[in-house]
Amino acid sequence: SCTRAAQAQQDGVAAAAVLSLPQPHTSAGLTEEQKEFQKVALDFAAKEMAPHMAEWDEKEIFPVETMRKAAQLGFGGIYVKPDVGGSGLSRLDTSIIFEALSTGCTSTTAYMSIHNMCAWMIDTFGNEEQRHRFCPSLCSMEKFASYCLTEPGSGSDAASLLTSAKRKGDTYVLNGSKAFISGGGDTDVYVVMCRTGGPGPKGISCVVLEKGTPGLSFGKKEKKVGWNSQPTRAVIFEDCVVPVGNRLGAEGQGFNIAMKGLNGGRINIASCSLGAAHASVLLAQEHLTVRKQFGEPLASNQYLQFRLAEMATRLVAARLMVRNAARALQDGREDAAVLCSMAKLFATDECFAVCNQALQMHGGYGYLKDYAVQQFVRDIRVHQILEGTNEVMRMIVARNLLQG
């Protein structure tokens with residue numbers, strides 16, 4: 001109804017006002033330049049994203065113009081090199097920016113993080129011609145990118161993927177399908193992992209396809225619990241012909257490229273969880289202050305005070321882990337991959353618990369779509385599943401410990 005829509009809009013504006021307040025914990029230990037990146041991103045989230053978050057979710061709007069505005073601030077290719085239009089920032093800078101943007105709309109920011117990962121993969125593993133052909137329009141978000149690894153029969157066991165790419169002269173002919181692809185059907189550039197060789201990870205290569213390529217089609221738009229501001233579809237290849245010149249790196253290098261991309265992707269998605277948890281703590285804090293029961297504000301109840309303290313503590317601990325992993329990845333440390341897995345596991349689990357507790361503190365109001373906290377809960381639930389499930393994160397960490 002019009003009344004509900006107006007209420008949701010009003011709540012979005014109220015949330016934006018809360019989120020624009022300075023929060024000392026988020027900027028502790030950052031350089032002045034990083035604090036400025038954070039302020040720009042927080043302001044953009046509060047003004048351009050938070051007031052529309054509920055509408056994008058309800059109407060399943062993919063907010064391309066808002067993302068292009070974000071790209072004008074340098075957020076379309078944050079850790080892509082400047083010579084092809086990127087901002088050339090560090091992994092820590094990137095984490096700070098995605099955390100800040102996610103306070104305004106986690107779903108939209110999560111898609112932007114995937115887009116950034118794709119642009120980085122082309123920038124890092126592409127040759128000069130590929131870098132200059134694809135990256136400038138991705139960094140400006142004139143064009144949008146999707147990452148295509150998961151298949152209907154290969155989720156966590158990504159190395160068993162079946163999408164085939166048969167060499168035919170100067171082309172590959174692709175057949176197969178990818179599942180759960182963020183942006184699928186609405187985006188322009190597809191970074192695809194496909195099998196050019198034998199079974200296992202060494203038979204996988206990485207190619208870049210453009211929308212409109214004959215033989216490339218899409219499944220129905222999936223109906224999801226959250227992440228509704230970005231479309232999700234199957235991506236289907238039926239005798240889809242791709243020039244060999246669109247392959248990133250060497251044949252057989254694809255799985256390595258995919259995993260290197262995901263190390264950063266795990267930091268990015270964990271950072272989006274941090275932003276959602278940060279926003280939820282602030283919303284809970286405000287609700288406890290204004291809501292009265294038994295003749296006094298909920299904030300005077302010691303049990304709720306302690307729960308709020310635990311939420312803030314979990315958030316700060318998760319943020320420290322994510323930022324530590326981001327630094328390790330930037331420095332190319334040997335333990336970077338396992339630290340990224342630890343950070344993704346810890347931050348996405350803890351931040352979901354924080355958002356869920358914030359919803360509980362809102363009581364029945366928290367279960368209404370007029371209140372932003374329920375959307376944060378719905379949007380970050382999937383962070384425990386994608387970019388490698390948290391069960392796979394545990395496998396990576398355990399393997400590192402037991403082989404060490």
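The values are calculated or read from the model by the stated rules, or taken from the named source; none is laboratory data. All figures in this text were calculated on a predicted structure; none of them were measured in a lab. Cβ placement follows ideal geometry from the backbone for every residue including glycine, while neighbour counts extend to all protein chains displayed. Remember, those area values only see protein heavy atoms, side chains included, never the ligands or the DNA or RNA. Shrake-Rupley method; radii C 1.70, N 1.55, O 1.52, S 1.80 Å.
Observations on the model:
- Contacts under 8 angstrom Cβ, first residue in the stretch 44-73 being within 15 Å of T106 (Cα to Cα) and exposed (fewer than 15 other Cβ atoms within 10 Å of the Cβ), partner of a type in the set (K, R) and modelled with pLDDT under 95, 6 or more apart: none
- Enumeration of residues in the stretch 105-116 that are open to solvent by less than 10 Å² (accessible area, probe 1.4 Å) and in contact with a strand residue (DSSP E or B) (Cβ under 6 Å, 6 or more places away or on another chain): Y111, H115
Every residue, every condition in (1) touching a helix residue (DSSP H, G or I) at 6+ places or on another chain (Cβ under 7 Å); (2) more than 19 Å from A50 (Cα to Cα), yes or no:
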{"residue": "R291", "(1), (2)": "yes, yes"}
{"residue": "L298", "(1), (2)": "yes, yes"}
{"residue": "F306", "(1), (2)": "no, yes"}
{"residue": "E334", "(1), (2)": "no, yes"}
{"residue": "A347", "(1), (2)": "yes, yes"}
{"residue": "V373", "(1), (2)": "yes, no"}
{"residue": "F376", "(1), (2)": "yes, no"}
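- Residues located in the stretch 199-258, provided they are open to solvent by 10 Å² or more (accessible area, probe 1.4 Å), among the small types (G, A, S) and assigned to a strand (DSSP E or B): S217, A234
- Some residue of the stretch 259-272 being surrounded by fewer than 20 Cβ atoms within 10 Å (Cβ to Cβ) and of a type outside the set (D, E, K, R): yes
- So K221, is it farther than 30 Å from R323 by Cα and of a type outside the set (F, W, Y): yes
- Of all the residues in the stretch 298-323, those that are closer than 25 Å to A100 by Cβ and polar (S, T, N, Q) number 1.
- Residue check, Q7 closer than 22 Å to Q285 by Cβ, modelled with pLDDT under 95 and among the polar types (S, T, N, Q): yes
Results for (1) in contact with a Cys (Cβ under 6 Å, 6 or more places away or on another chain); (2) closer than 19 Å to N390 by Cα; (3) aliphatic (A, V, I, L, M); (4) surrounded by fewer than 13 Cβ atoms within 10 Å (Cβ to Cβ), shown as yes or no for each residue.
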site	(1), (2), (3), (4)
E286	no, no, no, no
F294	no, no, no, yes
P297	no, no, no, no
Y303	no, no, no, yes
R307	no, no, no, no
A325	yes, yes, yes, no
E334	no, no, no, yes
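- When G176 is tested against (1) crowded, with 18+ Cβ neighbours inside 10 Å; (2) more than 25 Å from D123 (Cα to Cα); (3) free of Cβ contacts under 8 Å to residues at least 60 places away in the same chain; (4) not β-branched (V, I, T), just one condition goes unmet, and that condition is (3).
Yes or no, residue by residue, for (1) modelled with pLDDT under 95; (2) more than 23 Å from T389 (Cα to Cα); (3) among the hydroxyl-bearing types (S, T, Y):
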{"residue": "P201", "(1), (2), (3)": "no, no, no"}
{"residue": "E210", "(1), (2), (3)": "no, yes, no"}
{"residue": "S217", "(1), (2), (3)": "no, yes, yes"}
{"residue": "W227", "(1), (2), (3)": "no, no, no"}
{"residue": "V235", "(1), (2), (3)": "no, no, no"}
{"residue": "E251", "(1), (2), (3)": "no, yes, no"}
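- Positions within the stretch 356-369 being open to solvent by less than 40 Å² (accessible area, probe 1.4 Å) and farther than 17 Å from V290 by Cα, in sequence order: Q357
- Each residue in the stretch 138-155 was checked for being within 16 Å of Y79 (Cβ to Cβ) and either within 16 Å of the chain's Cα centre (by Cα) or open to solvent by less than 10 Å² (accessible area, probe 1.4 Å) (or both), and 5 pass.
- Residues of the stretch 312-323 that turn out to be more than 13 Å from S273 (Cβ to Cβ) and open to solvent by 60 Å² or more (accessible area, probe 1.4 Å), as a count: 2
- Those residues of the stretch 261-299 which are in a helix (DSSP H, G or I), touching a strand residue (DSSP E or B) at 6+ places or on another chain (Cβ under 9 Å) and farther than 24 Å from V382 by Cα, in sequence order: L288, T289, V290, L298
- Residue identified as of a type in the set (S, T, Y) and more than 23 Å from N263 (Cα to Cα) among S154, S140: S140
- Residues in the stretch 281-316 that are hydrophobic (A, V, I, L, M, F, W, C) and touching a residue at least 40 places away in the same chain (Cβ under 8 Å): V281, L282, L283, A284, L288, L298, L304, L308, M311, A312, L315, V316.
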